[in-house]
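A.B. asks: Here you go, one structure.
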């Protein structure tokens, strides 16, 4: 008899049996309350400084340091797929911070994940941004939002690894690197489009995403990420409290389990 529990089951079991929080390495089962709280706060504006041309407003729920960085990397690089849900719920808060103040009259919220390269997906064994977008959409649906995840972006050419590149080098590396996918034909008036990614650093990737979508007539309302690098603009009063108040359908529930 086959007794395999699948990759997601193995990953979840590993988080439990390891007895360490993936955010701070404290003893316990899964994410500790303190690290979970990092993903459950209000989203804030996190525009890069300097801000690349054409970049829509960016929101993040935490900084890319400490527990926020550890959780993102555990999911992205170490295949801790069970973290997709709490990270996705944090991302939902960033999405809601963009959607709440948008012009009234939008019919459907559309999340467009930044595409990973085929090589990155192959090496990691999963498309981490697509997974986060799906988890964020699930959280938003629970709050009563009509939302869809659409792969409207695709790589146009190979890109160098962004790690270690400065802002100028990142911009040059990303220029023309993305293109609108054929599925963008499903875009319609009334769609409120938000580009989503896990982290914002210089903003070059998000700006290229906005450019590629804008080139085919898709208006990007904003960009949402889980974390923003500490040297960026995670400052100012919270953009919106996106707690579990269901009276506004664009509000996301509290951080996931």
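A.B. asks: Which members of the range 12-32 meet the condition of being at pLDDT 85 or above and more than 25 Å from the chain's Cα centre (by Cα)?
C.D. replies: Residue satisfying the conditions is 26 alone.
A.B. asks: A further question on this structure: Within the range 217-235, count every residue that is in contact with a helix residue (DSSP H, G or I) (Cβ under 7 Å, 6 or more places away or on another chain) and either assigned to a strand (DSSP E or B) or at pLDDT below 95 (or both).
C.D. replies: We begin by selecting, within the range 217-235, every residue in contact with a helix residue (DSSP H, G or I) (Cβ under 7 Å, 6 or more places away or on another chain); these are 218, 220-227.
The next check asks that each one be either assigned to a strand (DSSP E or B) or at pLDDT below 95 (or both); those that pass are 220-227.
Adding up the residues that qualify gives 8.
A.B. asks: While we're here: When you go through (1) modelled with pLDDT of 95 or more; (2) under 19 Å from residue 227 (Cα atoms); (3) surrounded by fewer than 17 Cβ atoms within 10 Å (Cβ to Cβ) one by one for residue 162, which number turns out not to apply?
C.D. replies: (1)
A.B. asks: Tally up the residues in the range 57-76 that are modelled with pLDDT under 95 and under 30 Å from residue 215 (Cα atoms), please.
C.D. replies: 1
A.B. asks: I'd like the full set of residues that are free of Cβ contacts under 8 Å to residues at least 12 places away in the same chain and more than 25 Å from residue 193 (Cα to Cα), limited to the range 79-119.
C.D. replies: 119
A.B. asks: Criterion first (in a helix (DSSP H, G or I), more than 30 Å from residue 156 (Cβ to Cβ) and without any contact (Cβ under 8 Å) to a residue 60 or more places away in the chain) does residue 37 satisfy it? It would help to see each step written out before you state the result.
C.D. replies: Numbers: in a helix (DSSP H, G or I): yes; more than 30 Å from residue 156 (Cβ to Cβ): yes; without any contact (Cβ under 8 Å) to a residue 60 or more places away in the chain: no.
The answer is no for residue 37.
A.B. asks: Out of the residues in the range 110-134 that are in contact with a helix residue (DSSP H, G or I) (Cβ under 6 Å, 6 or more places away or on another chain) and surrounded by 23 or more Cβ atoms within 10 Å (Cβ to Cβ), which is modelled with the lowest pLDDT?
C.D. replies: Among them, the one singled out is 128.
A.B. asks: Is it true that some residue in the range 238-252 is assigned to a loop (DSSP other than H, G, I, E, B), touching a helix residue (DSSP H, G or I) at 6+ places or on another chain (Cβ under 6 Å) and either closer than 20 Å to residue 130 by Cα or modelled with pLDDT of 65 or more (or both)? Even if it seems obvious, please write down each step before you answer.
C.D. replies: Narrowing the range 238-252 to residues assigned to a loop (DSSP other than H, G, I, E, B): 238-239, 241-252.
Subsequent filtering for residues that are touching a helix residue (DSSP H, G or I) at 6+ places or on another chain (Cβ under 6 Å) retains 239, 242, 250-252.
Now narrow it down to the ones that are either closer than 20 Å to residue 130 by Cα or modelled with pLDDT of 65 or more (or both): 252.
Yes, some residue in the range 238-252 is assigned to a loop (DSSP other than H, G, I, E, B), touching a helix residue (DSSP H, G or I) at 6+ places or on another chain (Cβ under 6 Å) and either closer than 20 Å to residue 130 by Cα or modelled with pLDDT of 65 or more (or both).
A.B. asks: While we're on this one: Within the range 95-109, work out how many residues are closer than 22 Å to residue 187 by Cβ and buried (at least 18 other Cβ atoms within 10 Å of the Cβ).
C.D. replies: Step one: list which residues in the range 95-109 are closer than 22 Å to residue 187 by Cβ, which gives 95-96, 98-109.
Still in the running and buried (at least 18 other Cβ atoms within 10 Å of the Cβ): 95-96, 98-99, 109.
So the answer is 5.
A.B. asks: Yes or no: residue 54 surrounded by fewer than 19 Cβ atoms within 10 Å (Cβ to Cβ), under 23 Å from residue 224 (Cα atoms), touching a helix residue (DSSP H, G or I) at 6+ places or on another chain (Cβ under 6 Å) and modelled with pLDDT of 90 or more? I'd like the intermediate steps shown before the answer.
C.D. replies: Numbers: surrounded by fewer than 19 Cβ atoms within 10 Å (Cβ to Cβ): yes; under 23 Å from residue 224 (Cα atoms): yes; touching a helix residue (DSSP H, G or I) at 6+ places or on another chain (Cβ under 6 Å): yes; modelled with pLDDT of 90 or more: yes.
It is true that residue 54 is surrounded by fewer than 19 Cβ atoms within 10 Å (Cβ to Cβ), under 23 Å from residue 224 (Cα atoms), touching a helix residue (DSSP H, G or I) at 6+ places or on another chain (Cβ under 6 Å) and modelled with pLDDT of 90 or more.
A.B. asks: Return the total of residues in the range 189-206 being within 20 Å of residue 62 (Cα to Cα) and at pLDDT below 95. Full working, then the answer.
C.D. replies: Within the range 189-206, the first condition is being within 20 Å of residue 62 (Cα to Cα), and the residues that meet it are 194-206.
Adding the requirement that they be at pLDDT below 95 leaves 201-205.
Qualifying residue count for the region: 5.
The values are calculated or read from the model by the stated rules, or taken from the named source; none is laboratory data. Please read these numbers as outputs of a predicted model, since none were measured by experiment. No Cβ is skipped: glycine too gets one built from the backbone with ideal geometry, and neighbour counts run over all protein chains shown.
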